Amino acid sequence: MNQRIVAVPAAVREQAHIDDAKYRAWYEASIRDPDAFWGEHGRRIDWFKPYTQVKNATFGPGEVSIRWFEDGVTNVAHNCIDRHLATRGDQVAIIWEGDDPADSRRITYRELHAEVCRMANVLRNRGVSKGDRVTIYLPMIPEAAFAMLACARLGAIHSVVFGGFSPDSLAGRIQGCDSKLVITADEGLRGGRKVPLKANVDAAIQRLPADSVDHVIVVRRTGGAVEMDPVRDVYYDAAAREVTDECPAEHVEAEHPLFLLYTSGSTGQPKGVVHTTGGYLVYASMTHQYVFDYHEGDVYWCTADVGWVTGHSYIVYGPLANGATTLMFEGIPTYPSISRFWEVVDKHKVTIFYTAPTAIRSLMGAGEEPVKKTSRSTLRVLGSVGEPINPEAWEWYYRVVGDERCPIVDTWWQTETGGILITPLPGATALKPGSATRPFFGVKPVVVDGDNKVLEGACEGNLCIDESWPGQMRTVWGDHERFVQTYFSTFPGRYFSGDGCRRDDDGYYWITGRVDDVINVSGHRMGTAEVESSLVAHPKVSEAAVVGYPHSLKGQGIYAYVTLMQGEEPSEALRKELVAWVRKDIGPIASPDLIQFAPGLPKTRSGKIMRRILRKIAEDDFSALGDTSTLADPGVVDDLIENRQNRA
Ligand code: WTA
């Protein structure tokens, strides 16, 4: 156990919004009387009609229903743009840094207003109105933020699909929420390589029933040649020329859906996580301010992609609601050189930097020099998200990147939680490398054992949250029963995160990783069931079981056990073919790292695959496989060990 404690530097504490005493006082108040606490903080955003009700939530058992500020009326785009115009119209809202260091753009709040209104008018002219779903499949260009905010302005519900997903995955997500309009770009550009986004959209639409998608709006990014359907497709620049840059913001109820985001779970296909308007924005903006200790004048950079929830809450909505300057980066950490992150920090004088452990680990390999040759003197606060950060990576981030000057906020949260739940606050929390530390205001974590018994004091178990917080997801799109089943049935009456954790004597939380069949590859969530169903769709595959295993760069790698159809022979060529198959089917992030051909999988007599055994073998730790006597055929285990792929 890592006992190192990094105290809050006096200089940080003195200028921070929250110190330890204030943290404790606010936290206590937020738990004692959530209505009073959130009733006050809910006013941090503008309301067209103020709310009189604050919290109205029940986690069951039985009915699960979550509502915040429910009689209030507001609009997210108004809060992220219009309300800032009088005081900061000429301040930069978005700094865009292109893949090529020669490409960058600065967009003021006034320009953002014009751009978002134009985009909204383009959508409105194509029939989009309140409640309609719009799929956004864009690279990291400002138009991605414009598109999200344009939807919010109209009360339309966006579903952003990460540009790394395949046509099949995109098709499933378009169909899943029945969206009639898709916004994409001709091509994306990452690390000097082109990504055929429009061609992927065409391929996705081909897989759908004929009348699924009415309009495809194509932003010109590279200018590469793409096929354009004369009826369905239009270039954004052409459409934007036909409209004005004024568009009123629709008044929507606090619980009106703002966006859907498809995410992987332990079973089945990805589900559409639904976030709504008022509570989400209050929570995203409040966490952005306090977790990063955001102050006027900061230049804030979150390196996530807008295709993930981190990009939604902490590139677009939280920062813009706070009137911040948020940096959007199109490229990758290693292009054109391995110093790119730090060069961008110096170029734009970034003060707050938020990234994922996987990026830190990949940069650590190249040593300190590429970092140390840059200044980074503007940096004040560093953040981490997406997976547990190992203490070695933490120390390197702290010492080499932050010059032992910048607190690291290790923020634990999930697509479902809308915003950060467990995290240090820079001016308040002494840090322990590898620990996400303490709950944010209003968040009530509990650790339970397998029988839903609440564990007290120092302990280890399943991480649940009792009591709702405003940024929480409200339902699964079109399937409320799945919402209840997935999150509130394992431990009735509580929200179950799917993560395991340890709590130490100081009440600090240490996230130990997923305890379900979700794996976390380079900070990206992947359901093992999705990869399995892709593999078994291959004509030569009869059965597949997928588990995670420790991977030095990615956190977890994807390990697939594959049983072939009768008469098929394992080969290197087939292994490559299967990797390419999954890549094409789901997307590059789902590519198996290791494939083991297995004549049989360990199953109980009732036919259930014993994943515990498969995980152990994948971890190259088969000394303690536990009881294998209940297996239908204990002999398969010897073969699995014999032919394991991950050997130290
Ligand atoms: C993991 C990303 C440890 C966790 C915001 C969670 C973390 C899943 C941390 C959610 C962290 C995220 N420490 N683990 N600081 N942050 N995770 O939905 O397993 O893409 O359940 O949301 O990432 O991933 P998601």
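Derivation of every value follows stated rules applied to the coordinates shown; laboratory data play no part. On a predicted model such as this, the values are computed, not experimentally measured, just so you know. We place every Cβ from the backbone using ideal geometry, glycine too, and count neighbours over all the protein chains shown.
Report note on the peptides 278-291, 188-201, 597-610: ranked by the mean count of other C-beta atoms within 10 Å, highest first, their order is 278-291, 188-201, 597-610. Contact order, relative form, for region 1-148: 12 percent (alpha carbon pairs under 8 Å, 6 or more residues apart, mean separation divided by residue count). Taken along the Cα-to-beta-carbon direction at a fixed 7 Å, the label points for Q206 and Y335 span 2.5 nm.
Residue exposure proxy: W26, W469, ordered by other Cβ atoms within 10 angstrom of their Cβ from fewest to most, comes out as W26, W469. Under the criterion of Cα pairs below 8 Å and six or more residues apart, the relative contact order for the chain equals 14 percent. Per-residue Cβ neighbour counts within 10 Å put Y235, Y300, Y561 in the sequence Y235, Y300, Y561, beginning with the fewest.
At a Förster radius of 45 Å, what calculated FRET efficiency corresponds to the Cβ-Cβ distance of Q91 and A632, to the nearest 0.05? Approximately 0.10, to the nearest 0.05.
Label zone (D245, point 7 Å along Cα-to-C-beta; backbone nitrogen cut-off 15 Å) within region 141-162: 143, 146.
Contact order for region 188-277, expressed relative to its length and based on alpha carbon pairs under 8 Å spaced 6+ residues apart, stands at 18 percent. Of the trypsin sites (Lys or Arg not before Pro) in region 309-375, the ones in a loop by DSSP (not H, G, I, E or B) with at most 15 other beta carbons within 10 Å are K349, K373.
Within region 219-318, which GluC sites (Glu not before Pro) sit in a loop by DSSP and count at most 15 neighbouring Cβ atoms inside 10 Å?
Numbers: sites: E227, E242, E246, E250, E253, E255, E296; in loops: E227, E242, E246, E250, E255, E296.
Answer by residue number: E227, E242, E246, E296.
Between E642 and D229, the simple spin-label model (points 7 angstrom out along Cα→Cβ) gives 5.4 nm.
Of the listed pairs K194/K432; K55/K616; K22/K55; K55/K453; K194/K349, which have alpha-carbon separations greater than 32 Å here? Could the numbers behind the result be given before it?
Details: K194/K432 41 Å; K55/K616 44 Å; K22/K55 23 Å; K55/K453 26 Å; K194/K349 29 Å.
With Cα atoms farther than 32 Å apart: K194/K432; K55/K616.
Could you tell me how many cubic angstrom of Cα convex hull volume region 493-647 has per residue? Numbers along the way, then the final one.
Details: hull volume 24.7 nm³, N = 155.
Considering the Cα atoms of region 493-647, their hull volume per residue is 159 Å³.
Given 0.36 nm per residue, what is the gain on full extension from C459 to R405 after removing their alpha carbon distance, in nm? Don't skip to the end; give the middle numbers.
Values: separation 54, 0.36 × 54 = 19.44 nm, distance 3.18 nm.
Taking C459 through R405 to full extension adds about 16.3 nm, to one decimal.
Listed peptides 520-531, 327-338, 474-485 appear in the order 520-531, 327-338, 474-485 once ranked by packing, highest mean of other Cβ atoms within 10 Å at the front. Taking 7 Å steps out from each Cα toward its Cβ at D479 and E568 produces label points 2.6 nm apart.
Close amide H pairs (under 5 Å, H built 1.01 Å from N) link A57 with R67, residues at least 5 positions away or on another chain.
Would you mind ranking C302, C177, C406 by Cβ crowding within 10 Å, fewest neighbours first?
Details: C302 27, C177 19, C406 22.
Ranking C302, C177, C406 by Cβ neighbours within 10 Å, fewest first, gives C177, C406, C302.
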